[in-house]
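Just below is one structure, and these are the notes that go with it.
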Amino acid sequence: MIRVGVNGYGTIGKRVADAVEAQPDMTVAGVAKTQPNFEAHTAVELGYPMYTAIPERAPLFAEAGIETAGVVDELVADVDVMVDATPSGIGADNKSLYASYHTPAIFQGGEDAGVAETSFNARSNYDKARGADSVRVVSCNTTGLSRVVAPLEEEYGVEKVRATLVRRGGDPSQNTRGPINDILPNPIEIPSHHGPDVQTIFPGLSIDTMGLKVPATLMHVHALNVTLETDVTAAHVRQLLDEQSRIYVIPEGIGLDGAGKLKDFALDAGRPRGDLWENCLWGESIATEGRDLYLFQAIHQESDVVPENVDAIRAVTETAGATESIRRTNETLGVGLSGDPSGFGADQVEASRADD
Ligand code: NAD
């Protein structure tokens with residue numbers, strides 16, 4: 001049983017903790033938090049031992065009626081792997097803590113690539129993380145792009161990727177983020193930093209990215225143009241992408257025409273927190289012209305990296321190979337929508353058509 005600690009129990013940390021706890025070969029040995037807020041109370045209710053990330057704040061937890069198991073150092077000393085899901089930049093500050101106990105650490109995409117021995121996407125470069133002391137699971141956008149690039153590269157060869165990323169302004173709980181009523185080129189500089197981040201997974205890949213931010217919290221949407229090394233048909237690409245367990249090719253006529261309905265679908269289908277771990281890629285959008293491929297996909301920023309963190313844990317502990325780990329993670333969490341998803345019976349499909 002792999003004992004996992006989670007430092008930083010926010011949007012990503014709480015999801016990773018639940019995903020780890022769901023695995024037959026892993027357990028959450030504890031989570032570390034800076035403050036006894038509502039998420040701390042939920043963690044305790046879920047049975048996760050609570051550690052204080054800032055020792056001087058321990059009395060605040062006691063005042064809030066939260067029993068603590070110790071301070072974060074004790075958690076780091078006790079576990080096989082730490083998952084650092086603290087805000088961007090804090091992971092780098094925590095690196096020496098993990099190293100001082102020789103505890104392998106998994107960082108998140110908000111950290112610079114240099115924080116870890118390797119950047120990670122399970123479908124693309126699992127083996128590079130095997131036995132590593134530190135791994136960075138790339139950001140939500142980079143994860144979404146990598147999952148598409150990997151099969152295209154293997155099957156056809158990729159000459160050039162051009163991607164425009166329409167980015168959500170903030171997560172639903174980030175009430176300090178914006179824009180509220182604007183459309184921002186963000187970052188204004190072209191190409192954006194996302195391309196170089198994808199190159200941490202695919203060194204040498206030719207990729208240019210442009211970013212915008214919009215007043216939405218639900219998902220990101222990517223518009224992709226990939227020039228391949230061989231002529232392709234849309235049908236062939238679609239079949240290839242359909243075979244990828246973490247890509248959901250949205251079927252035509254089902255009424256899933258945007259991020260709002262995708263999120264509704266996830267909630268209707270009983271997904272925890274309405275999470276969509278898969279890239280949600282519109283089948284109808286897959287178009288080709290010679291070697292040029294075009295498509296749209298939506299990425300649920302809060303959850304697509306969650307199965308990747310689980311696989312990264314198996315990679316650093318060398319407890320499973322890529323195929324086995326991905327299979328186990330998918331099966332345990334229920335990752336892998338395909339065709340007409342459960343939750344949408346024929347009647348609902350007809351009803352959604354009638355609404356149009
Ligand atoms: P978050 O703000 O939702 O959660 C971070 C948590 O860490 C909060 O609970 C915060 O109180 C806590 N924290 C702050 N300082 C701490 C410290 N010193 N020690 C321990 N805990 C501390 O942030 P998030 O969105 O979960 O992001 C975490 C990481 O994941 C970042 O690197 C981010 O870039 C990356 N990421 C975020 C998203 C997303 O859409 N939210 C997607 C992919 C990757």
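Largest first and in whole Å, the equivalent-ellipsoid semi-axes of region 137-263 read 26, 20, 12, each the square root of five times a Cα gyration tensor eigenvalue. Counting only alpha carbon atoms, the long axis of helix 140-155 and the longest principal axis of the chain meet at about 50°. Mean sequence separation of contacting Cα pairs (under 8 Å, at least six apart), scaled by the length of region 245-300, corresponds to a relative contact order of 36 percent. Here is how the number arises for the chain: DSSP H runs of 4 or more residues each give -39500 (n - 2.57), the sum is divided by the residue count, and the result at 222 nm is -10000 deg cm²/dmol. With only the Cα atoms considered, region 210-301 has a convex hull volume of 106 Å³ per residue. Binning all Cα-Cα separations of region 214-261 at 10 Å, short to long from zero, yields these whole-percent fractions: 18, 43, 31, 8. Sorting Ser325, Ser119 by the number of Cβ atoms found within 10 Å of their own Cβ, with the fewest placed first, yields Ser325, Ser119.
Structural size metrics of region 12-96, computed from C-alpha coordinates, are Rg and Dmax of 12.4, 35 Å. Starting from the Cα of Arg57, move 7 Å in the Cα-to-Cβ direction to define the label point; list residues of region 18-46 whose amide nitrogen is under 19 Å from there. Of the residues in region 18-46, 30-46 have backbone N under 19 Å from the label point off Arg57.
For region 92-163, the convex hull drawn through the C-alpha positions has a volume of 87 cubic angstrom per residue. Note on the chain: Cα-Cα pairs beyond 38 Å make up 16% of the total pair count.
For the chain, what proportion of DSSP beta bridges, expressed in % and rounded to the nearest 5, is antiparallel? Beta bridges within the chain, antiparallel portion: roughly 40 percent.
Taking the chain as a Gaussian network of alpha-carbon nodes connected by springs under 10 Å, the highest mean-square fluctuation of the residues Asn125, Asn175, Asn37 belongs to Asn175.
For the chain, the longest principal axis of the C-alpha atoms and the axis of helix 11-21 are separated by about 80°.
Sorted on the mean count of surrounding Cβ atoms within 10 Å across their residues, most packed first, peptides 223-233, 140-150 read 140-150, 223-233.
Distance between the pseudo-spin-label points of Asp264 and His236 (7 Å out from Cα toward the beta carbon): 3.8 nm. For Phe38 and Glu318, FRET efficiency with R0 = 45 Å and r from the beta-carbon atoms, rounded to 0.05? Working from the Cβ atoms, E equals 0.75.
Computed from the C-alpha gyration tensor, the three semi-axes of the ellipsoid equivalent to region 1-61 are 20, 11, 9 Å, from longest to shortest. Here region 93-136 and region 235-285 have alpha carbon centers that stand 29 Å from each other. Karplus-based coupling profile of region 49-54, in residue order and whole Hz: x, 9, 10, 8, 6, 10, with θ = phi - 60° in 6.51 cos²θ - 1.76 cosθ + 1.60 and x standing for Gly or Pro. Measuring against 22 Å, Cα to Cα, the residue pairs Lys33/Lys263; Lys14/Lys95; Lys33/Lys95; Lys95/Lys128 contain Lys33/Lys263 as the ones spanning a longer distance. A viscosity of 1.306 mPa s and a temperature of 10 °C, combined with the Kirkwood radius over C-alpha pairs in the Stokes-Einstein formula, give region 32-185 a diffusion coefficient of 88 µm²/s. Subtracting the Cα-Cα distance of Ala64 and Glu252 from 0.36 nm times their residue separation leaves 62.6 nm of extension gain.
Considering only Tyr51, Tyr126, Tyr101, the Gaussian network model of the chain with Cα springs below 10 Å gives its largest mean-square fluctuation to Tyr101. Is any residue of region 282-300 close enough, with backbone N under 20 Å, to a label point placed 7 angstrom from the Cα of Glu229 along the Cα-Cβ axis, and if so, which? 289-294, by backbone N distance to the label point. Taking every C-alpha pair closer than 8 Å and separated by at least 6 residues, the mean separation divided by the residue count of the chain gives a relative contact order of 16 percent.
Bear in mind these aren't lab numbers, they're just calculated from the coordinates by the rules spelled out. Please read all numbers here as calculations on a predicted model, not as lab measurements. When we count neighbours, we look across all protein chains shown, and the Cβ atoms used for this are built from the backbone with ideal geometry, even at glycine.
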